[in-house]
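Colleague: Please see the structure below; I have some questions.
The values are calculated or read from the model by the stated rules, or taken from the named source; none is laboratory data. Worth saying up front: this structure is predicted, and the values here are computed from it rather than measured. Reconstructed Cβ throughout: ideal geometry from the backbone, glycine too, with neighbour counts over all protein chains shown. To get the accessible areas, we keep the full protein, side chains included, count just its heavy atoms, and leave off ligands, DNA and RNA. Shrake-Rupley method; radii C 1.70, N 1.55, O 1.52, S 1.80 Å.
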Amino acid sequence: MDSLLPTTDSEHLVVVWQKCLKIISEQITGHDYNTWFIPIKPERLEENRLILFLPEEHFYQHLEANFVVPMRDALDRVLGVDAQIGYVFPIQDKDEGVRLPAQLNHVRSQQLVEQKFNERYEESPINPNYVFENFIEGGCNRLARSAGWAVAQKPGTTSFNPLMLYGGVGLGKTHLMQAVGNYIKKNSPEKRIIYVSVDKFTTQFVNSLKNNDLETFKKYYEQVDLLLLDDIQFLTGKESTQEIFFHIFNHLQQSGRQIIMTSDCAPIALKGMADRLLSRFKWGISADLQQPDMETRMAIIQRKLQEKDIVFPPDVIEYLTQNVDSNVRELEGALNSLIHNSLHGVTLNVELAQQMIKNLIQSTLTRETNVDDVLKAVADYFAVSFEELKGKSRKKEIVLARQIAMYLAKEFTPNSLKSIGIILGGRDHSTVIHAIQTISDMVAEKKDIQTAVEDIRKKLENH
Ligand code: ADP
Ligand code: MG
């Protein structure tokens, strides 16, 4: 991977930019300097064109509108009168496109620099609502939260580098990771923070290979102060992406920059990940997030209701707390659907809550319902026998009942299509697929079929 080593003189770049900054600082107010120039990072030098990395697009408009004179002066004196400037920035709104800078002698190729950059390095924004303040702490996430908090206080300088947050879906990994990002963004606005999913990272990497511009890709990531890489389980099996990440990782770590990663399983369980990368992960700390315990679930519900200034009867809260226990995302989903309904004038009670969230807690239902339960409900409804459902009869009403049984078995049980077919008289799984398709179409078109399916569904739900 020698080709990955930096070839441009990054020290020279820094010196050039420092000189420019000095000249600019003498011509503008301290406040303007801090607000508009400190956050800028020099990106690269292309012959006599200085490319600057701006944290946001509006920076460039502001610079062009207000600071052309001092900037031009600095360029003249540091790089010469024919020196030019180019900007790159993470683009916010794709549809807005890229505007051509007007006043600083920009040429077409410069716009290209921006465009190429924007296409390739479209960042995922950090969700401003994911902050420490609304991250409920409990036994299930205490260690992870305090590690995150420590990193937020002193990024790059704690022993938590990298910090690896792991745990199942919907347990708050992304929230916590972005809370660190938001905290640092607020307290050290000059720091460059990138949040990116492994999916996006991989796409950018592949594109940079296609475009023969690996250098820019590496630079882009090697200049960050805080790298938030989400869902690294998706790195497994992607050898070249792991390889480039290994280089970036080393660079960042050695220069004291902070890395936070999330994964849906413990690092040790990450199969298909290069050992040298895994051993790097051990340099820092791993903290897991577990399923929320009862108190945490209760606290999350109460916090949410409080935020929205909504009151629920205590037994409804209790019902929710006890029944939606798998993860926080599901709990929020259930809560939101109750809130939605209660805002539409429905008076909540436990029974209603039960009705409303039953689809969300399928997992508890499916644990209890098996194919035989479905067969029984269908047989009762159509007044046919088990034998008939499982048998070979081609009688119209029996075929219909059989197909509905397959359709609902798929919905209510965790059984595979294959196993549903076997239970229903040793039929092939393609027969089951056909049945499901037929009934879906019928439900959409025929009122009586829709009613029948609904009625049987209700029975199964109250099972
Ligand atoms: P993950 O990345 O682990 O799949 P997320 O971070 O996306 O999970 O969390 C799912 C949802 O649950 C988000 O809306 C998040 O705000 C919320 N959430 C998770 N944990 C907590 C917590 N401890 N306190 C408050 N909200 C939480
Ligand atoms: Mg996530």
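Colleague: At 7 Å along Cα-to-Cβ for each site, give me the label-to-label distance between E397 and K418 in nm.
Modeller: 3.6
Colleague: I'd like the per residue volume of the convex hull spanned by the Cα atoms of the stretch 187-345, given in cubic angstrom.
Modeller: Given the Cα convex hull of the stretch 187-345, per-residue volume reads 171 Å³.
Colleague: Quick one: pull the percent of accessible area on the stretch 274-407 belonging to carbon and sulfur, 1.4 Å probe, ligands and nucleic acids left out.
Modeller: Of the solvent-accessible surface of the stretch 274-407, carbon and sulfur hold 50 percent.
Colleague: For the chain, state the average projected area of the convex hull of the C-alpha atoms over all orientations, rounded to one decimal in nm².
Modeller: 28.5
Colleague: Only four residue types carry charge here, +1 at the Cβ of Lys and Arg and -1 at the Cβ of Asp and Glu. Report the dipole size of the chain about the Cα centre in Debye, rounded to the nearest 20.
Modeller: In debye, rounded to 20, the chain gives about 780.
Colleague: Determine the relative contact order of the chain: mean sequence separation of Cα pairs under 8 Å and six or more apart, normalised by residue count, in whole percent.
Modeller: 11
Colleague: At 7 Å along Cα-to-Cβ for each site, give me the label-to-label distance between K186 and A383 in nm.
Modeller: 6.8
Colleague: Across 10 Å bins from 0, what is the distribution of all Cα-Cα pair distances for the stretch 16-71, in whole percents?
Modeller: 22, 62, 16, 0
Colleague: I would also like to ask the following. Return the sequence-ordered ³J(HN,Hα) values of the stretch 414-421 in whole Hz as given by the Karplus equation 6.51 cos²θ - 1.76 cosθ + 1.60 applied to θ = phi - 60°, using x for Gly and Pro.
Modeller: Coupling constants for the stretch 414-421: x, 4, 6, 4, 4, 6, 4, x Hz.
Colleague: Given the options T29, S240, A65, identify the residue whose Cα lies farthest towards the positive end of the charge dipole of the chain (+1 on Cβ of Lys, Arg; -1 on Cβ of Asp, Glu).
Modeller: In the chain, that residue is S240.
Colleague: Of all the C-alpha pairs in the stretch 307-346, what % are more than 14 Å from each other?
Modeller: When every Cα pair of the stretch 307-346 is considered, 48 percent fall beyond 14 Å.
Colleague: At K358 and E239, where each label point lies 7 Å from the Cα along Cα→Cβ, what is the point-to-point distance in nanometres?
Modeller: Placing both labels 7 Å beyond Cα along the Cβ direction yields 5.2 nm.
Colleague: Compute the accessible area per residue over the chain, keeping the other protein chains in place, probe 1.4 Å, unit Å².
Modeller: Accessible surface, normalised per residue, equals 49 Å².
Colleague: Now, a different point. Just to be sure I follow: if Rg is taken over the C-alpha atoms of the stretch 322-454 and Rh is the Kirkwood radius over the same atoms, what is Rg/Rh?
Modeller: Expressed as Rg/Rh, it is 1.05.
Colleague: While we're here: Largest first, what is the accessible-area ranking of W36, W149, W17, W283 with a 1.4 Å probe?
Modeller: My answer, sorted largest first, is W283, W149, W36, W17.
Colleague: For L214 and F132 in one chain, what is 0.36 nm times their gap in residues minus the Cα-Cα distance, to one decimal in nm?
Modeller: 26.0 nm
Colleague: Restricting to the chain, what percent of DSSP beta bridges are antiparallel, rounded to 5?
Modeller: Looking only at bridges with both residues in the chain, the antiparallel portion is about 20 percent.
Colleague: Can you pull the Kirkwood radius for the stretch 163-211, inverse mean 1/r over Cα pairs, to one decimal in Å?
Modeller: Hydrodynamic radius (Kirkwood, Cα pairs) of the stretch 163-211 is 12.8 Å.
Colleague: Let me ask something additional. Subtract the Cα-Cα distance of T29 and K446 from 0.36 nm times their separation in residues, and report this length gain in nm to one decimal.
Modeller: Between T29 and K446, full extension yields an extra 142.8 nm.
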